[in-house]
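The values are calculated or read from the model by the stated rules, or taken from the named source; none is laboratory data. Remember, predicted model here, so these are calculated numbers, not experimental data. Heads up, the Cβs are rebuilt from the backbone with ideal geometry, glycines too, and the neighbour counts pull from every protein chain shown.
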Amino acid sequence: MTKLVVLGCGSVGQGFVAAADTGPQGLELELYDADPRRLTECAGLSERVVGCKVADLSDPEILKEVVRRADLVVDALPGRLGFRAMKVCGEVGKDVVSVSFTPEDPLRLGKLYEERGCTLIPDAGFAPGLSNLFVGRALAELGGADEVRVYCGGLPERPVPPLGYVVTWSPEDLLEEYTRPARIIAGGRAVSVDPLSSVEEVEIPGCGVFEAFCTDGLRTMLSTLRGRVVNAAEMTLRYRGHLEKIRLLRDLGLLSDRPVTVEGVSVVPRKLLARLLDLTLRRPEVRDVALLYVMARSRESSVRYLLRALPDPSKGLSAMARVTGLAAYAFTKLLLEGTVPKGVVPPEVLGESEESYREVVNLVREGGIEIKELREA
């Protein structure tokens, strides 16, 4: 028996458990979360679940006790907890697949994982994750690139007034995308830019025309692409007209985290806006679509990858939860097969191996996700 310990049973954890239900015999899942309701929902998605327990995973000692039970750990915790979980797993000597979007750089843990003889695949989700995998494969085929563009987004199936968007995840984290400096590669160097400083229009084949803005999603690629790519950026997709409205909210001060006093009460504008978005734009009846469009270009050639995911109503999974869970499971399967080296191995490194790339892509496709690969001379 192989025991996978899943940390976190939110939408991504649920997507992973649903994907793992199709896995080989002998796979067992133990689930841990602070919310008993999420545990119950997650446990119902797979017959491979052999246990679930309410646990405060912010407590390092509890976390250490939990991960010691695992043959492999799947980290689907919020970003504020993810780096600590990865560090504890390395200290205990456990292999990890992580989809936590942490502020810290997971490559910092490379020496720890190498010394303990275990492996961490960080950012193993949708974007970052599959996006990195496509970039790695593109660079292996092109031998380097003048330009790499990653366009990604979770969108409502149709624009929903007043912002052309609905809230499907943390509104606080959503607003962070519009305010956090985005790191890109320009002229071969990593630089930070204002995410709303420029808006680009992009036509995605078969999907339509969208607008896009820079977000901080290159992450490990800021290091692993150094010297191989002249310009690279991740850009998040929205329906046209959305970003003009976000700029207006910013100019009015509603994206500020500086408190203001209203009738004697201190109010943080961004927290107020996040709460209002949660109340008005959380529309569970609106289906979502997850889009990923990766382009890499050299002087001689270019390659493009297009992924489109829809929800799975039969399991109550959004498109984003479904594709992120499938991606995490595909990377987990790769790690269980023993073909991934020790240390911290980000998805773009795995993408450089044709065999690893094909295995991940084929499994995601088998899960019902559309992926197209295009090459141009």
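Take the conditions over 18 Å from GLY129 (Cα atoms), in contact (Cβ under 8 Å) with a residue 40 or more places away in the chain and small (Gly, Ala, Ser) and apply them to ALA212. Does it pass? Break it down into steps so the answer makes sense when it comes.
Working: over 18 Å from GLY129 (Cα atoms): yes; in contact (Cβ under 8 Å) with a residue 40 or more places away in the chain: yes; small (Gly, Ala, Ser): yes.
When the stated conditions are applied, ALA212 passes them.
Give me a count of the residues in segment 207-240 that are in a helix (DSSP H, G or I) and of a type in the set (A, V, I, L, M). Outline the logic, then answer.
Going through segment 207-240, the residues in a helix (DSSP H, G or I) turn out to be 221-224.
Narrowing further to those that are of a type in the set (A, V, I, L, M): 221-222.
So the count comes out to 2.
Going by the structure shown, is ALA328 assigned by TED's automatic domain parsing to the domain that holds LEU45, at pLDDT 95 or above and not polar (S, T, N, Q)? Write out each step before concluding.
On the way: assigned by TED's automatic domain parsing to the domain that holds LEU45: yes; at pLDDT 95 or above: yes; not polar (S, T, N, Q): yes.
Yes; evaluated as a whole, the condition is true for this residue.
Given the criterion among the β-branched types (Val, Ile, Thr) and touching a Cys at 6+ places or on another chain (Cβ under 9 Å), identify the matching residue among VAL5, VAL12, VAL66, VAL49. Please lay out each step first, then the result.
Details: VAL5 fails: touching a Cys at 6+ places or on another chain (Cβ under 9 Å); VAL12 fails: touching a Cys at 6+ places or on another chain (Cβ under 9 Å); VAL66 fails: touching a Cys at 6+ places or on another chain (Cβ under 9 Å).
That would be VAL49, the only listed residue that is among the β-branched types (Val, Ile, Thr) and touching a Cys at 6+ places or on another chain (Cβ under 9 Å).
Exactly one of (1) surrounded by fewer than 16 Cβ atoms within 10 Å (Cβ to Cβ); (2) β-branched (Val, Ile, Thr); (3) modelled with pLDDT of 95 or more is unmet by THR179. Its number?
Among (1) surrounded by fewer than 16 Cβ atoms within 10 Å (Cβ to Cβ); (2) β-branched (Val, Ile, Thr); (3) modelled with pLDDT of 95 or more, the lone unmet condition for THR179 is (3).
Kindly evaluate VAL202 against the criterion of being surrounded by fewer than 21 Cβ atoms within 10 Å (Cβ to Cβ), under 15 Å from GLU147 (Cβ atoms) and of a type in the set (Val, Ile, Thr). Reasoning before the result, please.
On the way: surrounded by fewer than 21 Cβ atoms within 10 Å (Cβ to Cβ): yes; under 15 Å from GLU147 (Cβ atoms): yes; of a type in the set (Val, Ile, Thr): yes.
It is true that VAL202 is surrounded by fewer than 21 Cβ atoms within 10 Å (Cβ to Cβ), under 15 Å from GLU147 (Cβ atoms) and of a type in the set (Val, Ile, Thr).
Pick from PRO156, PRO171: which is under 15 Å from ARG287 (Cβ atoms) and surrounded by 15 or more Cβ atoms within 10 Å (Cβ to Cβ)?
Values: PRO171 fails: under 15 Å from ARG287 (Cβ atoms).
Exactly one of PRO156, PRO171 is under 15 Å from ARG287 (Cβ atoms) and surrounded by 15 or more Cβ atoms within 10 Å (Cβ to Cβ), namely PRO156.
Output yes when any residue across segment 241-260 is part of a loop (DSSP other than H, G, I, E, B), closer than 29 Å to ASP146 by Cβ and not assigned by TED's automatic domain parsing to the domain that holds VAL344, and no when none is. Show your work before the answer.
As a first pass, look at segment 241-260 and keep what is part of a loop (DSSP other than H, G, I, E, B): 241, 252-259.
Those left that are additionally closer than 29 Å to ASP146 by Cβ: none.
No, segment 241-260 contains no residue that is part of a loop (DSSP other than H, G, I, E, B), closer than 29 Å to ASP146 by Cβ and not assigned by TED's automatic domain parsing to the domain that holds VAL344.
Could you look through segment 323-377, keep only residues that are basic (Lys, Arg) and over 30 Å from SER301 (Cα atoms), and pick out the one that is nearest to the chain's Cα centre (by Cα)? Full working, then the answer.
Taking segment 323-377 as the starting set, the residues that turn out to be basic (Lys, Arg) are 333, 342, 358, 365, 372, 375.
Now drop any that are not over 30 Å from SER301 (Cα atoms), which leaves 333, 342.
Working: LYS333: 18, LYS342: 22 Å.
My answer is LYS333.
Do any helices (runs of 4 or more DSSP H) entirely within segment 48-153 hold 3 or more residues that are surrounded by fewer than 18 Cβ atoms within 10 Å (Cβ to Cβ), and if so, which? It would help to see each step written out before you state the result.
Details: elements: 60-67, 79-92, 110-116, 130-142.
Those helices (runs of 4 or more DSSP H) span 60-67, 79-92, 110-116.
For segment 339-370, what are the residues that are within 18 Å of LEU291 (Cα to Cα) and not in a helix (DSSP H, G or I)?
Of everything in segment 339-370, those that are within 18 Å of LEU291 (Cα to Cα) and not in a helix (DSSP H, G or I) turn out to be GLY367, GLY368, ILE369, GLU370.
Can you tell me how many residues within segment 28-47 are closer than 23 Å to SER314 by Cβ and either β-branched (Val, Ile, Thr) or part of a strand (DSSP E or B) (or both)?
4
Name the pairs: first residue in segment 10-30 and within 19 Å of ARG322 (Cα to Cα), second residue of a type in the set (Phe, Trp, Tyr), Cβ to Cβ under 6 Å, at least 6 apart or on different chains?
If the second residue must be of a type in the set (Phe, Trp, Tyr), the pairs left are PHE16/TYR329; ALA19/TYR329; ALA20/TYR329.
Restricting the search to segment 110-145, which residues are aliphatic (A, V, I, L, M), over 19 Å from the mean Cα position of the chain (by Cα) and not assigned by TED's automatic domain parsing to the domain that holds ALA232? Working first, answer last.
Within segment 110-145, the first condition is being aliphatic (A, V, I, L, M), and the residues that meet it are 112, 120-121, 124, 127, 130, 133, 135, 138-140, 142, 145.
Narrowing further to those that are over 19 Å from the mean Cα position of the chain (by Cα): 112, 138-140, 142, 145.
Correct list: LEU112 only.
Being surrounded by 13 or more Cβ atoms within 10 Å (Cβ to Cβ) and either charged (D, E, K, R) or over 19 Å from LEU196 (Cα atoms) (or both): is that true of VAL289 here? Talk me through it step by step, then tell me what you get.
Working: surrounded by 13 or more Cβ atoms within 10 Å (Cβ to Cβ): yes; either charged (D, E, K, R) or over 19 Å from LEU196 (Cα atoms) (or both): yes.
So VAL289 fits the description; yes.
Return the only residue of THR339, THR280 being at pLDDT below 95 and not assigned by TED's automatic domain parsing to the domain that holds MET235.
Details: THR280 fails: not assigned by TED's automatic domain parsing to the domain that holds MET235.
Step by step, each of THR339, THR280 is checked, and only THR339 is at pLDDT below 95 and not assigned by TED's automatic domain parsing to the domain that holds MET235.
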